[in-house]
Amino acid sequence: MRERVVDMERMFINIRIEPEKGMVSGSVTHYFKTIRESVDSITLDGPAINYKSISLDGNDCKYKTTTDGVVIYMPSALKFNSNHALEINYSVKPKKGIYFIGYNDSTNRRQKQIWTQGEEFDNRYWVPGFDDPSDKLITEMQVTVDKDFKVLSNGKMLSEKRNGNGTTTWHYKISHPHCFYLTMLGIGDYDIRKTKNNRGVPIFEYYYPKKPEQLEPTYRYTERIMNILENEIDYPFPWESYSEIPIGDFLYGAMENTTATTFGDFYMCDKREFLTRNYIGVNAHEMTHQWFGDLVSAQSPRDQWLQESFATFYPNYVMKDIYGKDAFDWSRYGEAQSAIAASKTDLNPIVGSHGGSNRIYAKGAFVLGMLSNVAGHDGFQRSIKNYLTDFAYANANTNDLYMSFYKTLGVNLDWFFDEWLYRGGEPDYHVHYNNMISNSKPVTEISIEQVQALTPYTDYFKMPITVEVHYKDGSMDAKTETIEGNHFLMDIPNSSGKAVDFVLFDPNYTVLKTVEFDKSAEEWQSQALRAPNMLDRYEALVAMRTQPMKDKRDVLIKVFHKETFHAMKEEILTQLSPDTTIQSWVMFLDAFRDKDASVRLGAVQNVIKIPNDGRNAFESLLGDSSYSVVETALQKLCTDFPENKSRYLHKTDKLYGQDNTTRMIWLQLSYMAPADTAGHPADSVKHSNDQVIKELVDYATPSFEFRTRANAFKTLQALNYLDEKGAKSILDASISWNGRLASPAKEALTYFCKQLDKKALISKCIANGKWTDAERTRLNGFVK
């Protein structure tokens, strides 16, 4: 934790933004209380800022700028526990922290926006302050911008004042202290839908006026999500309101700024895009952060999991409420697989500065689920509620969470926190069973070994685990014991001597682990057909991957028709994709008509070659409601039936899809395709290579958002085409602050520079372009 000499209590920012100049100017006033016996100077973060004047309680201060900010010298030493106001007048052209979107589009087609991103330490680049999450403060924002823009900031809007010079001044203030990095601005041309949840919390949903069709699908379930979270966390939404605003070219997926989440506008979707990529999961994650991260904030980076793990854990309950138990379990299973993958690299623990995203998000979320199982759902809920209550609008660490459980439940969970949070790794179990006689009675003996390597980070694990023995008559016996140590035996009585159908070790995957469980092919097939939980049936399907097709085909088809969850059906489609029998093809035809777009997409993707008698069924998918299904079907049809390419292109000519992905595929397929669509009506699509290239190169320009541009770069590579306009666009993107745009641009430069003529064109564009010296140096470095 960073040392400090004062406690920042309130911050009032009053600025004007001139986006054409990339300029922020105005003042910030910090209201603070001294916490040292004597304070003669204060150091604030704010690199590369032009400080015009600084005063304390109205008296001028001397100051010294540094590479990281400014050291301010008090007119006289400040006494302990005294209150003061420090006003800083400044201007800055920020290198990061605040971003100006659309102002480099010479065609003026790109909508213009201004937005901020403070995490981890970037707000300091546009407003000087004590930029550390350990010191919370109330923020107030007054910002003047173009009158045509709407402005969103933290808290409640106090006023919107029209000025006489074509600008508007917006005034916001938040009601409770929060972290400096969570201070935000979102500015642009928006409409707003106002709604509320069951408890009356105001919700403001921002959307683009020119795309009203995106409003409902994007924000579908928002009120319901807040209701679910309030109920499951058992703590009311902790702020005065909640807003969500889409922004262009966002650096990440979304950001949980207090009361005002920003998210990449690539999550905005219409009803068709909603089917395969929507905002629901991200919506739930960022909203959960309003409790975990904004209400209670991690004391230091080593406790970051207290924010991200909870924000990953609680959305599972949202998925369960909206999509059902299988979706809930599938999400947990995905978290487990991410955690296990991380352990193949290192055995770092969750708590610490080097856990990595797979641990502080996914593994931490799964561990919270195990903690809920160990403490009991009600006990877990009460403990979390007390944790939030005790540390509301303050900071906490992992031990604070531990103590909340101890104080609430009176139980010692140090063993759990030690093995799952402060240590790394997961148990690796080897399991087998025998039917035997014990004390003259039949029992099923379960032998359990822990075989993971013992290291300073990983020991033997101790966890309560359930074993179920399922019998061929449909009945079942179960037993739960605390498994620990190298070798453990568990006996499950089988008093009637029933024939065992299959045995489940930790049914429904409640403990993070890897397992080797020797079972016969018949047992795995029985488990796939009859296990009560989807995850156990899925485990059996995975185990059946190595079984010969002739031995498993009928069982897989039978399971397919019983199942409703997409992951189960997709796994079966993958396994049966090489099978050319009529039985499997009939199943694929059923999958093409499945109500779940994910299943339809899985079916299309897994068709290796379209049979002649299946062409009509495949062609019908060109009218599917999912853009992803249409894209895949179009590509496969054009490959397998090239003589019909013009007809397929004609049918899909008006589809653009999310981030113009469908259109990009269409353009690539159209290149070198016949220029006529003979036999079709007069309004049939007519295209030429020149038209295709003109449209494709246009998509690469700054007139479009980064996903469209990145797709255009890749498509140009696929066509091996580059002209001067395209080269300039790729060069422009390669020096972008947005890594998700710069990275594919650099890949394109690397590809084209391997060809002498294209490398010469790129070098010419660098030499003749309007670049700064620093930009030209960077660009020349890319093409060497």
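Give me the net charge for the shell around THR259: Cβ to Cβ below 12 angstrom, other residues only, Lys and Arg +1, Asp and Glu -1. Once positives and negatives cancel, what remains is -3. Computed from phi, the 3J(HN,Hα) profile of segment 557-565 under the Karplus parametrisation 6.51, -1.76, 1.60 (θ = phi - 60°) reads 5, 5, 5, 4, 6, 8, 7, 10, 8 Hz, with x in place of Gly and Pro. As a ratio to 2.2 N^0.38 Å, the alpha-carbon radius of gyration for segment 474-567 is 1.18. Across segment 39-45, rounded Karplus estimates of 3J(HN,Hα) from the backbone phi angles (6.51 cos²θ - 1.76 cosθ + 1.60, θ = phi - 60°) give 10, 10, 7, 10, 9, 10, 7 Hz, Gly and Pro being marked x. Think of it as helices only: each DSSP H run of n ≥ 4 in the chain is worth -39500 (n - 2.57), and spread over all residues that comes to -11000 deg cm²/dmol at 222 nm.
So, for the chain, what is the accessible surface per residue at a probe of 1.4 Å, expressed in square angstrom?
Working: 32890 Å² over 784 residues.
Accessible area per residue, the chain: 42 Å².
Loop-located GluC sites (Glu not before Pro) across segment 572-655 with a Cβ neighbour count of 11 or fewer within 10 Å are lacking, with loop assigned by DSSP.
By the equivalent-ellipsoid construction on the alpha carbon gyration tensor, segment 23-172 comes out with semi-axes of 31, 17, 14 Å, ordered largest to smallest.
Scalar couplings 3J(HN,Hα) for segment 688-694, obtained by applying the Karplus form with A = 6.51, B = -1.76, C = 1.60 to θ = phi - 60°, are 9, 4, 4, 5, 4, 5, 4 Hz; x denotes Gly and Pro. Here the ratio of the Cα radius of gyration of segment 519-586 to 2.2 N^0.38 Å is 0.99.
Each principal axis of segment 381-532 carries a Cα extent, and these read 58, 34, 32 Å when sorted largest first.
Ordered from highest to lowest accessible area with the whole protein assembly present and a 1.4 Å probe, ILE322, ILE247 read as ILE322, ILE247. Of the accessible area of the chain, computed with a 1.4 Å probe over protein heavy atoms only, carbon and sulfur atoms account for 48 percent. The listed peptides 398-409, 284-295, 132-143, ordered by packing as a protection proxy, come out as 284-295, 132-143, 398-409 (highest mean of other Cβ atoms within 10 Å first). Using a probe of 1.4 Å on the protein chains alone, the accessible area found for ARG162 is around 150 Å². Is segment 281-336 rounded, prolate or oblate when judged by the Cα gyration tensor, a ≥ b ≥ c being the square roots of its eigenvalues, rounded requiring a/c under 1.5 and prolate requiring a/b larger than b/c? It is oblate, given that a/c is not under 1.5 and a/b is not larger than b/c.
Please report the antiparallel percentage of DSSP beta bridges with both residues in segment 202-273, rounded to the nearest 5. Approximately 20 percent, going by the DSSP bridge assignments. In loop segments of segment 468-559 as defined by DSSP, the trypsin sites (Lys or Arg not before Pro) with at most 15 further C-beta atoms inside 10 Å of their C-beta are LYS472. Over all orientations, segment 745-784 has a Cα convex hull whose mean projected area works out to 2.5 square nanometres. Listed by chain and number, the lysines whose C-alpha is less than 23 Å from the C-alpha of LYS754, apart from same-chain residues fewer than 8 away, are LYS714, LYS725, LYS728, LYS746, LYS764, LYS784.
When DSSP beta bridges are limited to those with both residues in segment 149-272, what percentage is antiparallel, rounded to the nearest 5? For segment 149-272, the DSSP antiparallel bridge percentage is about 70. Taking the Cα centre of segment 263-347 as origin and assigning +1 to Lys and Arg Cβ atoms and -1 to Asp and Glu Cβ atoms, the resulting dipole is close to 220 debye.
Please state the shape class of segment 706-784: rounded when a/c is under 1.5, otherwise prolate if a/b exceeds b/c and oblate if not, all from the C-alpha gyration tensor. It comes out oblate by the Cα gyration axes.
A straight line joining the Cα centroids of segment 203-263 and segment 315-350 runs 23 Å. In segment 215-326, one over the average inverse separation of all distinct C-alpha pairs is 14.4 Å, which is the Kirkwood hydrodynamic radius. Measuring how big the chain is from its alpha-carbon positions, Rg and Dmax come out at 30.0, 97 Å. Rolling a 1.4 Å probe over the protein heavy atoms leaves VAL586 with an accessible area of roughly 70 Å². Solvent-accessible area of TYR73, all protein chains in place: 90 Å² (probe radius 1.4 Å, heavy atoms, ligands and nucleic acids excluded). Surface listing: ARG302, ARG740 arranged by accessible area from highest to lowest gives ARG302, ARG740, probe 1.4 Å.
Under 5 Å from the amide H of MET184 lie the amide H atoms of ASN154, each residue being 5 or more positions distant or on a separate chain, with H modelled from the backbone and absent for Pro and chain starts. Can you give the net charge of the other residues whose Cβ lies under 11 Å from the Cβ of LEU275, counting K and R as +1 and D and E as -1? Once all neighbours under 11 Å are counted, the net charge is +1.
The values are calculated or read from the model by the stated rules, or taken from the named source; none is laboratory data. None of these values were measured; they are calculated from a predicted model. Cβ coordinates were reconstructed from backbone atoms using ideal geometry, including for glycine residues, and neighbour counts include every protein chain displayed. What goes into the accessible areas is simple: the full protein's heavy atoms, side chains included, and nothing from ligands, DNA or RNA. Shrake-Rupley method; radii C 1.70, N 1.55, O 1.52, S 1.80 Å.
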